[in-house]
1. Quickly run through segment 271-287 and pick out the residues that are surrounded by 10 or more Cβ atoms within 10 Å (Cβ to Cβ) and more than 10 Å from Val249 (Cα to Cα).
2. Taking segment 325-371, which residues are aliphatic (A, V, I, L, M), touching a Ser or Thr at 6+ places or on another chain (Cβ under 8 Å) and buried (at least 20 other Cβ atoms within 10 Å of the Cβ)?
3. Can you tell me which of (1) in contact with a Ser or Thr (Cβ under 8 Å, 6 or more places away or on another chain); (2) under 30 Å from Glu274 (Cα atoms); (3) assigned to a loop (DSSP other than H, G, I, E, B); (4) not acidic (Asp, Glu) is the one Ile100 doesn't meet?
4. Could you figure out which of (1) under 39 Å from the mean Cα position of the chain (by Cα); (2) touching a residue at least 24 places away in the same chain (Cβ under 8 Å); (3) surrounded by 14 or more Cβ atoms within 10 Å (Cβ to Cβ) isn't true of Ala53?
5. For segment 206-233, which residues satisfy the criterion of being assigned to a loop (DSSP other than H, G, I, E, B) and more than 14 Å from the ligand (Cβ to nearest atom)?
6. Quick check on this structure: which one of Asp196, Asp225 is in contact (Cβ under 8 Å) with a residue 40 or more places away in the chain and touching a helix residue (DSSP H, G or I) at 6+ places or on another chain (Cβ under 8 Å)?
7. Only one of (1) part of a helix (DSSP H, G or I); (2) within 22 Å of Leu119 (Cβ to Cβ); (3) open to solvent by 20 Å² or more (accessible area, probe 1.4 Å) fails for Thr322. Which number is that?
8. Pick out the one residue from Gly177, Gly159, Gly137 that is more than 14 Å from the ligand (Cβ to nearest atom), modelled with pLDDT under 95 and either under 20 Å from Asp356 (Cα atoms) or not hydroxyl-bearing (Ser, Thr, Tyr) (or both).
Amino acid sequence: MVTLNQTSLDIELDQPSQFHYVWLRDNCICSECMHPDTLERTLITAEIADDIAPQDAQVDKDSLVIDWNDGHHSRYPLVWLKSHNYSQSRFNSDPAAGEIKLWDREFQSRIPSYDYQALHDSQQTLLEWCCDLRDYGLTIVRNAPLVEGEIERFAEYVGVVREVIYDRLHNVRATPGEYNAYNVASTTLELKPHTDMPCYNNPPGVQMFHFLVNETEGGESTAVDGFNIAAKLKEQDPQAYRILATTPVSFQMDSARGDIASSNPLLTLDANGELKVFRFSNQLARPCNIAAEDMDDFYRAYRKIGRMIEAPENKVQFRLNTGDMMVTNNLRVMHGRNAYGGEGQRHLQLSYMDMDDVLSRIRMILKQQQEAS
Ligand SMILES: [Fe+2]
């Protein structure tokens with residue numbers, strides 16, 4: 001049963017549902033409106049008539065069939081309408097959509113850990129690893145080959161390397177007792193939890209380490225779930241949350257290849273008001289340039305979240321050994337390490353991807369599995 005209104009129609013699917021004429025006309029899936037090979041829209045949305053409306057609309061078998069007043073004829077499978085039904089709540093037709101699972105110190109005993117070879121032997125295992133990275137933002141991969149450049153090769157196995165102003169394959173090492181560094185990561189000092197490259201307007205979404213050797217004393221890796229910190233702050237101090245979601249903070253870093261600087265809120269929200277990007281790097285923050293009357297309130301909020309990041313109950317700590325990789329969602333999870341010493345060597349290599357590459361791999365594996373079944 002279809003009821004025609006002024007600018008929309010009502011139809012009973014699993015629930016009473018409403019679809020607007022302009023939306024339906026725009027999303028016609030016939031081969032005239034959508035290229036049959038590329039599945040790209042060929043209909044020009046801007047050219048749809050302002051008074052677009054059905055002359056006739058009815059359910060025929062398992063489809064909604066519409067004869068439009070511009071002479072076009074459309075057929076929408078009901079199953080397609082159900083999966084794109086926006087009338088009661090927002091739909092999500094992305095097969096790679098996941099569920100954010102927040103964590104704190106208790107997560108330490110159950111950080112998702114995978115065997116390197118298993119990720120190459122089984123697409124199902126690779127899928128599970130991608131999903132854990134998507135949902136938790138922190139994973140460990142054990143027993144990777146002790147070969148220089150392996151982290152770059154692994155990134156290419158999953159997706160595409162995201163280049164930044166450092167080398168495509170970045171080395172982190174220090175000779176204990178010597179200060180031979182150009183940034184704190186390359187010293188033996190403690191490295192406070194941070195996200196990498198917050199100076200980019202679009203920071204790399206996946207941060208990947210590979211320990212070619214780790215024979216030092218100390219130097220345990222640390223990680224903090226920035227989304228969990230933000231959720232706690234929102235509950236405990238909504239005003240501080242709002243300040244950090246609306247006040248731009250300046251970050252900058254440079255290398256021989258470039259000088260990157262930008263100002264963005266520590267908490268970047270999406271169009272629905274949900275947290276999308278968490279940035280935090282004490283060492284890369286630059287003097288903030290905000291209105292004088294806002295300065296005291298900003299520092300109160302900024303220092304509060306900084307203390308929450310340092311709180312032991314929010315932080316996991318674990319040892320990464322020679323051959324281990326750590327992979328984080330760098331738009332959510334902060335990483336760091338304790339100070340280290342001793343006679344042993346410590347050398348890791350670092351590369352980046354984007355979270356889009358991880359979600360892309362999920363969609364591709366699911367598609368393969370669907371085609372094979
Ligand atoms: Fe880092």
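1. Leu275, Lys276, Val277, Phe278, Ser281, Asn282, Gln283, Leu284
2. Scanning segment 325-371 gives Met326, Val327, Leu331, Val333, Met334.
3. Only one criterion is unmet by Ile100, namely (1).
4. Against the list (1) under 39 Å from the mean Cα position of the chain (by Cα); (2) touching a residue at least 24 places away in the same chain (Cβ under 8 Å); (3) surrounded by 14 or more Cβ atoms within 10 Å (Cβ to Cβ), Ala53 comes up short only on (1).
5. Glu215, Thr216, Glu220
6. It is Asp225.
7. Of (1) part of a helix (DSSP H, G or I); (2) within 22 Å of Leu119 (Cβ to Cβ); (3) open to solvent by 20 Å² or more (accessible area, probe 1.4 Å), only one is false for Thr322: (1).
8. Gly177
The values are calculated or read from the model by the stated rules, or taken from the named source; none is laboratory data. Nothing here was measured: the structure is a model prediction, and the numbers come from that model. Please note: Cβ atoms are built from the backbone with ideal geometry, for glycine as well, and neighbour counts cover all protein chains shown. What goes into the accessible areas is simple: the full protein's heavy atoms, side chains included, and nothing from ligands, DNA or RNA. Shrake-Rupley method; radii C 1.70, N 1.55, O 1.52, S 1.80 Å.
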